[in-house]
């Protein structure tokens, strides 16, 4: 789980890469949950919150530039 300070320290390209990694991880977990029982279901929420943090920072940077 990432903190706000960690997200702000990332470069723009790193945010895009991290978003892709987290989204694919979330999809893999969803697929896995269909076929077998997930031990730690709280991971779904944690990944979604990290994605939201990254998207918020990305939007803030884009709005600051314009």
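None of the figures in this text is laboratory data; all of them are computed from the coordinates on show. The structure displayed is predicted, hence computed values, not measured ones. So basically every Cβ, Gly included, is an ideal-geometry build from the backbone, and we count neighbours across all protein chains shown.
Given the criteria without any contact (Cβ under 8 Å) to a residue 24 or more places away in the chain and surrounded by 13 or more Cβ atoms within 10 Å (Cβ to Cβ), does residue 2 qualify?
Details: without any contact (Cβ under 8 Å) to a residue 24 or more places away in the chain: no; surrounded by 13 or more Cβ atoms within 10 Å (Cβ to Cβ): yes.
So residue 2 fails the test.
For the stretch 28-38, check the following and say yes or no: at least one residue is closer than 18 Å to residue 6 by Cβ and either in contact (Cβ under 8 Å) with a residue 12 or more places away in the chain or within 10 Å of the chain's Cα centre (by Cα) (or both). Let's see the steps before the verdict.
Taking the stretch 28-38 first, the residues closer than 18 Å to residue 6 by Cβ are none.
No, the stretch 28-38 contains no residue that is closer than 18 Å to residue 6 by Cβ and either in contact (Cβ under 8 Å) with a residue 12 or more places away in the chain or within 10 Å of the chain's Cα centre (by Cα) (or both).
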